[in-house]
Amino acid sequence: MKYSKSWWNEECRCVLNKYRASRNLENWKRFKSTVKTTKQSFFDTKIQEIINKKQGPWELMSWINKRKLPTIETIKYHDQQCLNINNLWNALHSTFNMALYRQVDIDILDEITNKPTSP
């Protein structure tokens with residue numbers, strides 16, 4: 001079928017049907033164990049096939065989900081891209097340290113109301 005797992009076999013089907021008929025905990029454990037060993041055996045065989053074909057580990061990449069890489073943008077400073085470490089340093093340094101020697105009006109703190117303290 002379209003959505004069938006390639007590792008699923010007749011033994012898995014029989015054990016699952018046995019569990020469905022009985023709804024017994026032991027049959028459920030047997031089903032889970034059968035699935036685990038069947039999967040392990042199937043994938044070990046597939047890996048051995050790939051190793052024997054000498055295609056390398058990259059052939060296994062088809063088994064994992066493909067992920068989109070995040071889109072990124074170059075940092076811009078004064079409408080120019082920062083493409084080397086010196087430009088990037090200057091951009092970050094001047095942006096984050098531009099208020100270093102400015103006067104600060106601390107009277108604004110008096111306007112903030114104090115919250116009651118808890119015991």
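The values are calculated or read from the model by the stated rules, or taken from the named source; none is laboratory data. What you see is a predicted model; the values in this text were computed from it and never measured. Cβ sites come from the backbone with ideal geometry, for glycine too, and all protein chains shown count toward neighbours.
Assess whether Thr95 counts as being in a loop (DSSP other than H, G, I, E, B) and of a type in the set (Val, Ile, Thr). No; evaluated as a whole, the condition is false for this residue. Scanning region 30-45 for residues that are among the charged types (D, E, K, R) and either in contact with a Pro (Cβ under 9 Å, 6 or more places away or on another chain) or over 14 Å from Lys5 (Cα atoms) (or both), we see that the one that is modelled with the lowest pLDDT is Asp44. If the condition is being within 28 Å of Ile75 (Cβ to Cβ) and of a type in the set (D, E, K, R), then region 89-117 contributes only Arg102. Candidates in region 1-26 are the residues that are among the hydroxyl-bearing types (Ser, Thr, Tyr) and modelled with pLDDT of 90 or more; of these, the one that is surrounded by the most Cβ atoms within 10 Å (Cβ to Cβ) is Tyr19.
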